[in-house]
Every structure is written in structure tokens, then in C-alpha cells.
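K.L.:
For reference, the structure I am asking about is given below.
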């Protein structure tokens with residue numbers, strides 16, 4: 001009989017399984033931890049439905065599906081199908097590694113009838129995974145992801161990595177946050193590299209209409225301004241701040257963000273106003289300069305000690321009975337069902 005202590009001394013094998021577009025991050029993650037890198041096959045049927053096939057053995061393994069959730073709508077069903085397939089095929093545990101976590105914006109009902117999508121999205125993810133690992137989620141009214149998600153969550157922070165990148169590239173930086181909410185985050189970056197910091201005031205009039213007010217920064221004139229933020233989505237705030245800084249006699253700023261979404265043409269517009277733009281690789285982009293794989297690898301490795309407590313298959317895979325197995329063996333998916341009279 002295997003005891004609990006023996007079980008913990010021999011943890012399950014781990015498989016890093018990337019969704020399309022996440023292969024580079026997954027490879028770096030697997031290399032960091034010395035884990036197996038898996039593969040998926042996905043395609044679209046002519047009617048637009050999604051086909052998913054796991055090409056790697058998942059039985060009795062901890063499976064980490066790697067999928068940044070920037071622009072999630074196109075591939076979310078594919079992600080859920082892959083998670084369900086891994087579970088049905090006998091994975092010991094199915095986790096979601098989402099360097100960027102979407103659907104955090106709508107955290108309340110601002111107008112009558114609106115869907116509170118942050119809650120809905122959390123329910124969907126929690127129903128399909130055993131654990132969620134993400135980096136700097138854009139929390140507003142929620143104190144932590146545990147207020148939304150019913151599965152264990154690991155919230156990692158890229159601020160130290162971003163600070164080290166700034167220190168390596170900029171002499172005499174002035175760290176500037178885009179709004180009051182960024183005060184704690186920006187001050188942590190500034191403190192790590194011994195730099196001063198300031199915070200702007202942002203007034204949002206809509207999804208794409210932002211007004212920025214710059215305080216008097218004249219006492220730091222001569223320093224290199226660095227606009228730092230956790231996310232650049234529409235880029236409006238950063239663009240407005242970059243436009244205003246020269247009015248106070250500063251050189252073109254550097255921009256450093258964790259999550260570079262850069263919707264529409266915001267990256268090109270920001271590039272015209274800035275000296276350099278850097279982001280982490282939570283979202284694949286040409287500005288990526290800060291790797292997160294080592295940060296994520298340490299988190300999932302340290303979580304391995306309590307994996308036994310996380311096994312909770314919501315739909316445990318069951319072996320097919322004789323009738324079902326006979327149907328599987330004798331009825332290829334390409335053949336028409338018998339009740340169609342042989343007509344597809």
C-alpha cells in the first residue's frame with residue numbers, strides 16, 4: 001500500500017502543453033524547470049467549429065496548459081476543449097498558466113443590464129482547471145483573485161524584473177505612474193532601483209477617451225522619465241503622458257509595461273513619442289524584453305509539494321463499458337452512423 005509520504009516523495013511528471021501562439025513561452029518554461037514539452041493539434045472544421053487533439057501522453061501527469069489570454073475570444077473554446085481532453089485522457093491535474101489574464105475590466109455593473117464578465121469568466125475557468133497561475137492581474141475592486149476564482153490561484157509580480165530592466169538600460173531614471181492606482185506599484189519599482197517617482201492623474205471619459213494631468217515635475221528635470229504601467233491596452237494614457245512630458249522640458253520618455261496589448265495602432269503612435277518601449281513576454285510582441293518563464297517556473301515548482309491536495313477531477317474519466325468500446329473500435333469517426341442509412 002502506498003502511503004501519503006511515499007506519494008509526496010515521488011511527484012507526478014509534469015507536461016507543459018502550449019496552446020497555439022504560446023509555443024515560445026512554453027518552451028522557455030519547460031527548459032527552466034526541466035519538464036516535458038507537449039504538443040497540440042488544432043484546426044477549424046469547414047463550419048467554423050474547433051478540432052483539438054493532444055499529441056502527447058497526459059495520463060497520470062500534471063498538465064500545465066500555457067495560454068496567454070490577451071484577445072481571448074478567438075481561442076477560449078479551444079483552451080477549454082484542451083483542458084477537458086487532458087482530464088478525460090487521465091491527467092492527474094490540469095492547470096492554466098496564463099501570463100496575462102483577461103476579463104478583469106468589467107468588475108461591476110456600471111449600467112443596468114450589463115454582464116459582469118469578470119465573474120462569468122472566472123466561473124468558466126474555475127470549472128475546467130485545478131489551478132491558475134498568472135502575472136500581475138489588473139485588479140480594481142477585487143482585493144485578490146480568490147474573490148473571483150474558486151480554484152487555487154498564484155498571482156506573480158513582474159515589478160522586480162521590470163525594475164531590473166530599467167536599471168540596466170537607463171541612467172538617472174524618474175519613474176512615472178499613469179494614475180493614482182499605480183502609486184504602490186510604481187513606488188516599488190522606484191524603491192528597488194533607488195529612483196524617484198511621481199504619479200499622474202487620469203480622468204477617463206470612456207474606453208478610448210482619457211485625460212491626463214501632469215503635476216509639476218520641474219525639480220526632476222534632467223532625469224530620464226520612464227512611464228511604467230502594468231498594462232498598455234489602448235495606450236491612450238501613455239500616449240497622452242508622453243505628449244505632455246516635453247512641455248515640462250523632459251526628453252522623450254522610455255515606456256515599460258508588464259502586459260503589452262497595444263490595441264489598434266497604439267504601439268506605432270507611442271513609438272513616435274518615446275525613446276524605447278519594453279514589455280514582458282506575457283503577450284507576444286516586438287517590444288518584449290523581460291522574460292517571465294523563470295518567475296512562472298519557480299511558482300509552479302514550489303506548488304508541486306501540495307499537488308496531492310489539488311486533485312479534484314470534476315468529471316473523472318471513466319473507462320468505457322463493453323458496448324461503448326465496441327462502438328469506438330468498429331465505428332471510425334469518418335464513417336456515417338448506421339442510423340443515417342449510410343448517407344453523411
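The values are calculated or read from the model by the stated rules, or taken from the named source; none is laboratory data. Small disclaimer: the values here were computed from a predicted structure and weren't measured. Glycine also receives a Cβ, built like all others from the backbone with ideal geometry; neighbour counts cover every protein chain displayed.
K.L.:
Residue 28 passes all but one of (1) surrounded by 21 or more Cβ atoms within 10 Å (Cβ to Cβ); (2) in contact (Cβ under 8 Å) with a residue 60 or more places away in the chain; (3) under 19 Å from the mean Cα position of the chain (by Cα); which number fails?
P.N.:
(1)
K.L.:
Assuming residue 215 fulfils every condition listed in (1) over 27 Å from residue 290 (Cα atoms); (2) part of a loop (DSSP other than H, G, I, E, B); (3) not assigned by TED's automatic domain parsing to the domain that holds residue 281 apart from one, which condition is it?
P.N.:
(3)
K.L.:
So, in segment 57-80, of the ones that are farther than 20 Å from residue 297 by Cα and in contact with a strand residue (DSSP E or B) (Cβ under 6 Å, 6 or more places away or on another chain), which residue ends up surrounded by the most Cβ atoms within 10 Å (Cβ to Cβ)?
P.N.:
It comes out as 78.
K.L.:
Does residue 175 satisfy the condition of being within 27 Å of residue 99 (Cα to Cα), in contact with a strand residue (DSSP E or B) (Cβ under 6 Å, 6 or more places away or on another chain) and in a strand (DSSP E or B)?
P.N.:
yes
K.L.:
On to the next question. Among the residues of segment 102-115, are any outside any loop (DSSP other than H, G, I, E, B) and touching a residue at least 12 places away in the same chain (Cβ under 8 Å)?
P.N.:
No, segment 102-115 contains no residue that is outside any loop (DSSP other than H, G, I, E, B) and touching a residue at least 12 places away in the same chain (Cβ under 8 Å).
K.L.:
Do you know which residues across segment 39-49 are over 22 Å from the mean Cα position of the chain (by Cα) and assigned to a strand (DSSP E or B)?
P.N.:
Across segment 39-49, the qualifying residues are 43, 44.
K.L.:
Of the residues in segment 231-270, how many are surrounded by 14 or more Cβ atoms within 10 Å (Cβ to Cβ), touching a strand residue (DSSP E or B) at 6+ places or on another chain (Cβ under 8 Å) and over 21 Å from residue 100 (Cβ atoms)?
P.N.:
The total comes to 9.
K.L.:
Take the residues in segment 130-144 that are in contact (Cβ under 8 Å) with a residue 40 or more places away in the chain and not in a loop (DSSP other than H, G, I, E, B); name whichever of them is surrounded by the fewest Cβ atoms within 10 Å (Cβ to Cβ).
P.N.:
131
K.L.:
Can you go through 167, 190, 158 and tell me which one is buried (at least 20 other Cβ atoms within 10 Å of the Cβ), farther than 30 Å from residue 93 by Cα and at pLDDT 90 or above?
P.N.:
Only one candidate passes the filter, namely 190.
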